[in-house]
Structure formats: structure tokens, C-alpha cells
Amino acid sequence: MAGAAAAAQPYDAGQVWRYQTRPGEEASRVLINKVEAHDTLGRIFHISVLAVQVKNPHIEGGISTVLPHFPVSEQTLKGSLLEIEGSQAPNPDYLEGYEIWKTAFDKGEAGVFTITVADIVGVVEQTINQ
């Protein structure tokens with residue numbers, strides 16, 4: 001069951017997690033880059049998704065293997081993460097997306113994902129291929 005092991009573990013920046021992936025992406029991992037507290041939303045987690053296989057006609061080679069920034073809820077992590085595998089430094093590429101998100105969020109023009117990580121990856125792939 002997704003999230004059973006994860007629910008007992010506190011989520012912190014620098015953690016690398018195995019998660020319930022899309023079929024064929026079992027090597028993909030979630031890296032928690034940053035954790036922020038919010039008065040009404042609770043904790044907001046800024047994650048990168050590593051080792052994915054997202055079709056992307058806008059880049060050379062046609063496949064994105066890293067999705068650098070998604071703001072997600074604790075609900076997303078609980079519904080997606082399976083077990084912690086280790087830790088590493090934050091992905092520096094998340095900062096650009098984070099800054100864009102933060103500006104929009106502070107204006108009330110952006111939120112956080114509450115769907116699973118696999119569903120986020122699917123939505124991103126669908127969107128960039130339209």
C-alpha cells in the first residue's frame with residue numbers, strides 16, 4: 001500500500017524516496033528539495049522527480065529524465081511514497097521553478113498538487129505533448 005511506510009517517517013529536505021511510479025519507471029525517485037510551513041495548507045514540499053521517462057518533443061532526444069520542481073501537499077507524499085532510500089543535496093535546478101511558483105503563490109495565483117506523484121508526471125507529459 002502506497003504511503004504505509006512513508007506515513008510513519010517524517011519528511012525532510014534532502015530525502016530520496018522510492019514511490020509508486022508509472023509502469024516502466026520503477027527506477028524513478030522523489031527528492032525533497034525544500035519544506036515550507038503555511039498557515040492554511042500545512043507543510044508544502046518542493047520535490048524533484050528523478051529518473052523519469054517523460055516524452056518531451058521540445059528537447060533534444062525527446063525524453064525528459066528529471067522534472068525539477070513540483071510544490072506538493074503532505075497528502076501527495078502520503079499517497080505516493082513507499083520507502084526512504086537515502087539523502088542527497090537539493091537539486092539546484094528546482095530553484096528556478098520554485099521562484100516562479102513562489103511569486104505566483106504569494107499573489108494567490110498558484111497552489112500545490114494534491115494528486116499522486118505518478119499522476120503529476122502523467123499530467124506533465126500530457127500537457128507538454130499537446
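Where a number appears in this text, it was derived from the coordinates with a stated rule and is not lab data. Everything numeric here is computed off the predicted structure, so don't read it as measured data. Cβ atoms come from the backbone with ideal geometry, glycine included; neighbour counts cover every protein chain shown.
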Euclidean distance of C-alpha centroids, the range 84-126 and the range 40-79, integer Å: 6
³J(HN,Hα), Karplus 6.51/-1.76/1.60, whole Hz, each residue of the range 69-79, x for Gly, Pro: 8, 9, x, 10, 8, 5, 4, 4, 5, 4, x
The chain - percent relative contact order, Cα under 8 Å, separation 6 or more: 29
At q = 0.23 Å⁻¹, base-10 log of I(q)/I(0) for the range 53-99 (Debye sum, equal scatterers on each alpha carbon): -1.10
Largest-first principal axis extents of the Cα set of the chain (Å): 40, 36, 25
Inter-probe distance in nm under a simple model that places probes 7 Å from Cα toward Cβ, at I115 and E99: 2.9
Karplus 3J(HN,Hα) series, Hz, for the range 87-94 with 6.51 cos²θ - 1.76 cosθ + 1.60 (x for Gly, Pro): 8, 7, 5, x, 6, x, 6, 6
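What is the sum of charges, Lys and Arg at +1 and Asp and Glu at -1, for the other residues whose Cβ falls under 13 Å from the Cβ of S48? Working shown, then result.
Values: positive: R29, K34; negative: D93, E96.
In short, 0.
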Tally of Lys pairs whose C-alpha atoms are under 24 Å apart, taken over the chain, 8 or more apart or cross-chain: 4
